[in-house]
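Contents: one structure, followed by commentary.
The values are calculated or read from the model by the stated rules, or taken from the named source; none is laboratory data. As the structure is a prediction and not an experimental result, all values here were calculated from the model. Glycine also receives a Cβ, built like all others from the backbone with ideal geometry; neighbour counts cover every protein chain displayed.
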Amino acid sequence: MNSHRNWTRITPADNIPPREGRAVKIGDLEIAVFNINGRFLTIENACPHKGGPLCDGIVTGTAVVCPLHGRHFDLETGMPVRAAEPSCLAVFPTCVENGVVMVDLEAGHRTLESDAA
């Protein structure tokens, strides 16, 4: 594990089944942690369009589909997939240590459209 990170313990990895997400609220921040077949990825939980709970969306590859409006978001970058608008979600470094999912909430960032090109 990277020692310079500020890891927050979230949940045992077994609590998040493969190809599913779970919402976690820490203070005022609500995140969605996804298990992509043993690889864990974390994004903001609210779709920027209408606030749909992304943790309840369908996972396709490394993307999640908003359960309210069908918008796809890349779980690695937070960027919309094939969307006309550039709104994106913050992504957070995530790891598993001793069977526990850990997230660095302070290192969350949004990918700018120019960064994705």
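For the reader, a short list of remarks on this structure follows.
- Picking from residues in the range 93-117 that are in contact with a Cys (Cβ under 9 Å, 6 or more places away or on another chain) and at pLDDT 95 or above, the one that is nearest to ASN37 (Cα to Cα) is VAL101.
- Those residues of the range 1-14 which are of a type outside the set (Lys, Arg) and in contact (Cβ under 8 Å) with a residue 40 or more places away in the chain, in sequence order: MET1, ASN2, ASN6, TRP7, THR8, ILE10, THR11, PRO12, ALA13, ASP14
- Failed item, numbered, when ASP28 is tested on (1) under 17 Å from HIS109 (Cα atoms); (2) under 13 Å from the mean Cα position of the chain (by Cα); (3) surrounded by fewer than 19 Cβ atoms within 10 Å (Cβ to Cβ); (4) among the acidic types (Asp, Glu): (2)
- If you go through the range 67-97 and keep only what is of a type in the set (Gly, Ala, Ser) and loosely packed, with under 15 Cβ neighbours inside 10 Å, you end up with GLY70, ALA83, ALA84.
- When the range 1-24 is limited to residues that are surrounded by fewer than 15 Cβ atoms within 10 Å (Cβ to Cβ) and within 13 Å of the chain's Cα centre (by Cα), the one that is farthest from ARG110 (Cα to Cα) turns out to be ARG19.
- Condition check for PHE40: in contact with a Gly (Cβ under 7 Å, 6 or more places away or on another chain), within 19 Å of MET79 (Cα to Cα) and not charged (D, E, K, R): no
- Test: residue in the range 57-67 that is touching a helix residue (DSSP H, G or I) at 6+ places or on another chain (Cβ under 8 Å) and free of Cβ contacts under 8 Å to residues at least 24 places away in the same chain: yes
- No other residue among VAL33, VAL100, VAL64 is crowded, with 21+ Cβ neighbours inside 10 Å, touching a Ser or Thr at 6+ places or on another chain (Cβ under 8 Å) and not aromatic (Phe, Trp, Tyr) apart from VAL33.
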